[in-house]
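Asker: First, the structure itself, so that you have it in front of you.
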Amino acid sequence: MMFIHHGPGKSIVKTAVWLSWPIIIAAKRLSNVPVFKWLIHPFFMRPYNEVTSIPINITLPKPDSIALPRRIIERLVADVDEKFIIEECICRSHNKVDFPPQNIGCMALGPAARRIHPSHGRMVSTKEAISHVRRAADAGLIANIAHVWIDPIAFGTRFRDLMFICFCDDKNCIYRTYMKNRGPTLDRAYRRLPGITLSVEKEKCEGCGQCSDNCFLANIIIDNGKAVIGESCAGCGRCVDLCPHGAITLLIEDEETLYLALIEQIKDVSELPLRGSDNSSESVIPD
Ligand code: SF4
Ligand code: SF4
């Protein structure tokens, strides 16, 4: 009876994802090649493919915003009733790496998460979900809120009321890798959360190129020995983390503005039922 209530089990999904891995990489590489890019375009267009980064690993300098990006995700998790933790990150498992840990998998949110087969993981409480987010932040991972057509197909769930939060690194994650030579469709698939901006302090920048070499979107150039951040920035915060001279600052609006911006983006592409906690994550997020 399990197959009626749930989508396919872990071994089927893993095999399907692993078989499709080279196809996804090829599609990303060809997304900037004439003719191919028009064939590939429908697979990456909104609202069927949208990813928003939240830099949960970044600690901001202001005392009142110590872990604000992380709190935004915690608040989202607290506002959705159904949460399912996937116990194994399919990307790190595919690449057979031990760090970041494979057991910090994605989290599915929304009623459709109930259809995910129990062999993938388990439904969790808000408290468990938040400690999962904190583990991911401590491991230096970036949260990507993903509404991507391939997920409901893989897990046999509905699309509109399902959202994934994936906890990604730069070397293994299928969202973040092979993006440097992307075509214009993929440029639009990654969205920066309104309310997050980045700035470079020219006096501190030594032009070492650490940030430009490692930006997954190739969005930073070195001009006259100074880093310049371009328009395609996804606000993931990785360059802030990597700059050895502390020259890049992540500027962030207040918690309410940021959270409302996130909710708007989610509502734009999905029907995820949100409880709508008003203000003060202190009241909804367990310690
Ligand atoms: S990593 Fe820092 S110092 Fe180096 S180029 Fe980038 S901003 Fe400048
Ligand atoms: S410029 Fe920095 S924050 Fe923007 S996408 Fe690149 S690494 Fe991420």
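Asker: Mind computing the radius of gyration and Dmax over the alpha-carbon atoms of segment 159-287? Å is fine for both.
Answerer: 16.9, 50
Asker: Could you size up the charge dipole of segment 117-233 around its Cα centre, putting +1 on the beta carbon of Lys and Arg and -1 on that of Asp and Glu, and report it in debye to the nearest 20?
Answerer: So the dipole magnitude of segment 117-233 works out to roughly 400 debye.
Asker: Using helices alone, I'd like the mean residue ellipticity at 222 nm for the chain: each DSSP H run of four-plus residues gives -39500 (n - 2.57), total over residue count, nearest 500.
Answerer: Taken over the chain, the calculation gives -10000 deg cm²/dmol.
Asker: Right, something else. Quick one: plug the Kirkwood hydrodynamic radius of segment 18-129 (C-alpha pairs) into Stokes-Einstein at 20 °C, 1.002 mPa s, and report D in µm²/s.
Answerer: Diffusion coefficient, whole number: 127 µm²/s.
Asker: Moving to a separate point now. Where q = 0.11, 0.14, 0.18, 0.22 Å⁻¹, what log10 of I(q)/I(0) comes from the Debye formula for segment 51-191, counting one point per Cα?
Answerer: Computed log10 I(q)/I(0) values: -0.39, -0.64, -1.07, -1.51.
Asker: How big is the charge dipole of segment 196-252 about its Cα centre, in debye rounded to the nearest 20, if each Lys and Arg gets +1 on its Cβ and each Asp and Glu gets -1 on its Cβ?
Answerer: It comes to approximately 60 debye.
Asker: How large is Rg over Rh for the chain, taking Rg from the Cα atoms and Rh as the Kirkwood inverse mean of 1/r across Cα pairs?
Answerer: Taking Rg over the Kirkwood Rh, I get 0.96.
Asker: Still on this model: Which Cys residues of the chain have no other Cys Cβ less than 4.7 Å away and so no disulfide-compatible partner by this rule?
Answerer: C89, C91, C205, C208, C215, C233, C236, C243
Asker: Moving on to the next point. Rounded to the nearest 0.05, what FRET efficiency do L30 and E231 give with R0 = 30 Å and r taken as the Cβ-Cβ distance? Could you check?
Answerer: 0.80
Asker: Okay, next question. Would you calculate the convex hull of the Cα atoms in segment 196-252 and tell me its volume per residue in Å³?
Answerer: Each residue corresponds to 67 Å³ of Cα convex hull volume.
Values in this text are rule-based calculations from the coordinates and carry no lab data. The model shown is predicted, which means the values in this text are computed figures rather than measured ones. Virtual Cβ from ideal backbone geometry, glycine too; neighbours counted across all protein chains shown.
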